[in-house]
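The values are calculated or read from the model by the stated rules, or taken from the named source; none is laboratory data. Keep in mind that what you see is a predicted model, and the values were worked out from it rather than measured. We place every Cβ from the backbone using ideal geometry, glycine too, and count neighbours over all the protein chains shown.
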Amino acid sequence: MKNIFGYKYNDLENKLIQINEKKYKTRQIYEWLYIHNEYDFNKMTNLSKATINNLKANFTSDFIKIKKVQTSDNASKYLFELKCGSYIEAVLMKHDYGNSLCVSSQVGCNIGCSFCASGKLLKVRNLESYEMVQQILLVEKEAGLRVSSVVIMGIGEPFDNYDNVMDFIRIINHPYGLAIGARHITISTCGIIPKIKDFIEENIQVNLAVSLHAPNNELRSKLMKINEVYNLSDLINTIRQYIEKTNRRVTIEYVMLEYINDNKKEALELAKLLRGMNVYVNLIPYNETHDGEYKKSSPKRIKEFYDYLKKAGINVTIRKEFGSNIDAACGQLRASEVEE
Ligand code: SAH
């Protein structure tokens, strides 16, 4: 039996037909779950007793659990326990324009970028779409607010869990449910080329961010071993195809590692690589992880790097730092230890 929070609208329609219910009830159920936050089938008062029993017999509706919440000024980190006993994390960030949630897509991660804490815990499994949906629902309930944008940048590589992530996006995007606009959803990938190609065909306005982190193969392979499989020039070509076919701007993520990839040389090389492309570069101040292998670039070096790109005509921003004091910043999520 599948969890009801894992059903896309159309799939729920089909499932209801299959269990001899009327298709229109899909909307009622979606509204209960996502608008009225009523998760108990017994309390869905516009459904008949027979339908309620039918739902109970055909769907589960159990939840992942919040295990711990840590809050700093502008961010809260949520540790969740899954039914299987594994842990994942999500981070809520409060901006002037609304609340955004960074969700996890896998338990652990197999990409193994050398600077990232998430990959220190190897992938245990993919998250089911309902486990991603429930991260949003539980945070909204606990924090008493609406999540207005979602970034799929927590633990895991979303394109290594493509189908469940796409279902998740379609569930939270549906107008009769959470109705989180596609333009308010961002998926971040380390650059799994075949999946970027699939994503081009999805015909959805979700934002794409690609973790580049280096402007040449030699350095990129040192930082991200996935570069050995999908190299930089193929990746750039794929990004070009994406832009051409979707007409959408791509975010290029570039984590600032002191004296590693933050020198003038890399700035100029990056500018050359991206020249003329409809992209913007997001410089991410590195959040130092516990093993201390890399240092964060000084604000001065970040600003210099920024200026080199700007001068070369590249759109560039420096990412605002969130929650680094609660280990909630990018790349610090790992959820391996509950007791600290
Ligand atoms: N697997 C996806 C999502 C990863 S997390 C991806 O690779 O894009 C989102 C971003 O944070 C990625 O660009 C990732 O490389 C970056 N990141 C990882 N560790 C970091 C750290 N310690 N400090 C800052 N950014 C980090």
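Structure above, values below:
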| quantity | calculated |
| --- | --- |
| Count of segment 219-235 residues which are surrounded by 14 or more Cβ atoms within 10 Å (Cβ to Cβ), more than 14 Å from the ligand (Cβ to nearest atom) and polar (S, T, N, Q) | 2 |
| Test: residue in segment 263-280 that is within 12 Å of the ligand (Cβ to nearest atom) and either under 25 Å from the mean Cα position of the chain (by Cα) or of a type in the set (Ser, Thr, Tyr) (or both) | no |
| Test: residue in segment 193-206 that is at pLDDT 95 or above, within 21 Å of Ile155 (Cα to Cα) and part of a strand (DSSP E or B) | no |
| Within segment 79-183, strands (runs of 3 or more DSSP E) holding 1 or more residues that are under 18 Å from Phe199 (Cβ atoms) and within 16 Å of the ligand (Cβ to nearest atom) | 149-152 |
| Complete set of residues in segment 1-38 that are surrounded by fewer than 19 Cβ atoms within 10 Å (Cβ to Cβ), under 26 Å from the mean Cα position of the chain (by Cα) and of a type in the set (A, V, I, L, M) | Ile35 |
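A quick yes/no check of all residues on (1) out of contact with any Ser or Thr (no Cβ under 7 Å at 6 or more places or on another chain); (2) assigned to a helix (DSSP H, G or I); (3) within 26 Å of Glu81 (Cα to Cα):
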residue: Asp11; (1), (2), (3): yes, yes, no
residue: Leu16; (1), (2), (3): no, yes, no
residue: Asn20; (1), (2), (3): yes, no, no
residue: Thr26; (1), (2), (3): yes, yes, no
residue: Tyr30; (1), (2), (3): yes, yes, yes
residue: Asn37; (1), (2), (3): yes, no, yes
residue: Asn54; (1), (2), (3): yes, yes, no
residue: Phe63; (1), (2), (3): yes, no, yes
residue: Ile66; (1), (2), (3): yes, no, yes
